[in-house]
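Data first, discussion second: the structure below is written as structure tokens.
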Amino acid sequence: MPDVYTVLGQDHAEVKQMLAELENGPTRTGGASTAQLEDRKKLVQQLVIAESKHEAVEEEFFWPVVRDLSGGAELADHGTSQEQAAKLELDRLDKLDPADDEFEALIRGIAKAGRAHIAFEEEKVWPLLRAKLNSSGAENLGMQLLRAKDTAPTRPHPEVPPRPGILKATGPAAAAINGTYLLVVGTNKQLYIAHAGVTGFTSAGGTTTVSPALTSVPGALVGFMRGTTNEAYYHKFLSTTPGWHSMGGTLGSGLAAAALGTTTYTLGLSAGTSVYRDTGTWTTYPPKLSGWVKVAG
Ligand SMILES: [Fe+2]
Ligand SMILES: [Fe+2]
């Protein structure tokens, strides 16, 4: 079973190979053909995907382990701040064309910083981890990283703070009003909301242990979640009267929600196996709720 050093080391080797190819490759000012510049753009896209996935899984699983070691917090702070800076640069590069003046300078900067970051991890962080983590711990972490890479983001997302764990407690919920909003649960059971690409995650209050729901009615986002007492709550976002309000019930699952016009439909499993629905009319606030009605099971 590959351990953490094998998994991350392979990624590092691949990234370094791509960086070297980009540094040595034909440039616009060096007389590259259109086809060569297209290949250069493709290589940049591969680099962006590889680095985005790699740093995302490190943020989720590698840095939290390092941070917990004695002497690890400073290393984790330094490493994640290097990654955050790299995300901004990669995001910028991803949007440029090889014919842009800024393109080559960005590549040089990214290559230099990328090598320094890899050296920092391998030479400063890995030795601490090797001293503290036994071989089965190193293999478990390696497997976690491999699994997470399957679903890791392929874009840099510099707007998402490198706060380990914020995104991995439950599945996220998404809804759209002028872009996508995300509602997620942190490992501290608290809910966080972000306008993807516009804001970072901010606390939305409330606590839950299951996936929340999010949908939109004209002019507002509405979140639904099962609280830690198993009853349901709603929250009208983008309004001046926020806060979670009880919908009652005793639910055995996270919730799903959809909206048609100004009406929301919230679904959840009862403590047994029946599906219950609560219908809300949002023409006034607070909304008019129907109460939980069994619809299946
Ligand atoms: Fe990293
Ligand atoms: Fe790394």
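The values are calculated or read from the model by the stated rules, or taken from the named source; none is laboratory data. From a predicted model like this one, the values you see are computed outputs, not experimental measurements. Don't worry about glycine lacking a Cβ; one is built from the backbone with ideal geometry, like all the others, and counts go over all protein chains shown.
Here are a few things to note about the model shown:
- Cβ-Cβ under 9 Å pairs, at least 6 apart or on other chains, the range 112-141 side among the small types (Gly, Ala, Ser), far side outside any helix (DSSP H, G or I) and within 13 Å of ligand 2 (Cβ to nearest atom): none
- Elements of type helices (runs of 4 or more DSSP H) in the range 1-73, at least 3 residues being within 12 Å of ligand 2 (Cβ to nearest atom) and assigned by TED's automatic domain parsing to the domain that holds SER135: 4-24, 34-57
Yes/no matrix, rows are residues, columns are (1) farther than 17 Å from ARG115 by Cα; (2) at pLDDT 95 or above; (3) exposed (fewer than 14 other Cβ atoms within 10 Å of the Cβ):
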| position | (1), (2), (3) |
| --- | --- |
| ASP3 | yes, yes, no |
| GLY9 | no, yes, no |
| HIS12 | no, yes, no |
| LEU19 | no, yes, no |
| GLY25 | yes, no, no |
| ALA32 | yes, no, no |
| ALA35 | yes, no, yes |
| SER52 | no, no, no |
| VAL57 | yes, no, no |
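- Residues that are over 19 Å from the mean Cα position of the chain (by Cα) and aromatic (Phe, Trp, Tyr), drawn from the range 191-226: PHE224
- Matching residues, the range 93-114, being more than 20 Å from VAL57 (Cβ to Cβ), surrounded by 16 or more Cβ atoms within 10 Å (Cβ to Cβ) and either within 16 Å of ligand 1 (Cβ to nearest atom) or charged (D, E, K, R) (or both): GLU104, ALA111
- Qualifying residue in the range 25-46 (condition: closer than 23 Å to GLU123 by Cβ and more than 13 Å from ligand 1 (Cβ to nearest atom)): no
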